[in-house]
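The values are calculated or read from the model by the stated rules, or taken from the named source; none is laboratory data. Just so it is clear, the structure is predicted and the values come from calculations on it, not from any experiment. All Cβ positions, even for glycine, are placed from backbone atoms using ideal geometry, and neighbour counts span all protein chains on display. In case anyone asks, the SASA skips ligands and DNA or RNA and just uses the protein heavy atoms, side chains included. Shrake-Rupley method; radii C 1.70, N 1.55, O 1.52, S 1.80 Å.
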Amino acid sequence: MAKAAVATQSVDFEAIDRLEQKLKMLVTVLDRTRAESAQATDELVRTRAEGARATDELVRTRTESARATEENTRLRAELDAARARLAEAEGTSGELTVLRTEREQIRSRVDDMLRQIDALNL
C-alpha cells in the first residue's frame, strides 16, 4: 500500500507539474495579449490623433475654398463692372469723335461766313 501511495503522489505531482506548466503558458499568453492590447491601444490613439489632424486640415481647406469662392465672385463682379465702364467709355469716345467732327464743320462754316462778310465790306 505504501507503493500505491507513492505512485499516487507521483501521479498527483505530475498532474500538478502539468497544471503549473499550463498556468505558466497561460500567464505568458496573457502577458503577450496585454502587450498586444497596449500596442493596439497606442496605435488607436495615434490613428485618432491623425484623424483629428486630418479633420482639422479638411475644415481649414473647406474654409479656404469658401474664401476663394467668395473672392472669385467678388472679382467677377469687379470684372463685369470694369467691362461695363469700358463699353461706356468706348461709347463716349465715339460720341466725342462725332462732336469734334461737328465742331470742325461748324468752324469751317463760320470761317466761310466771316470771309464772305469780309468780302462784302470791301
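A few remarks follow.
- Qualifying residue in the stretch 25-32 (condition: open to solvent by 90 Å² or more (accessible area, probe 1.4 Å) and among the polar types (S, T, N, Q)): no
- Which listed residue, of Ile16, Ile106, Ile117, is exposed (fewer than 10 other Cβ atoms within 10 Å of the Cβ) and of a type outside the set (Ser, Thr, Tyr): Ile117
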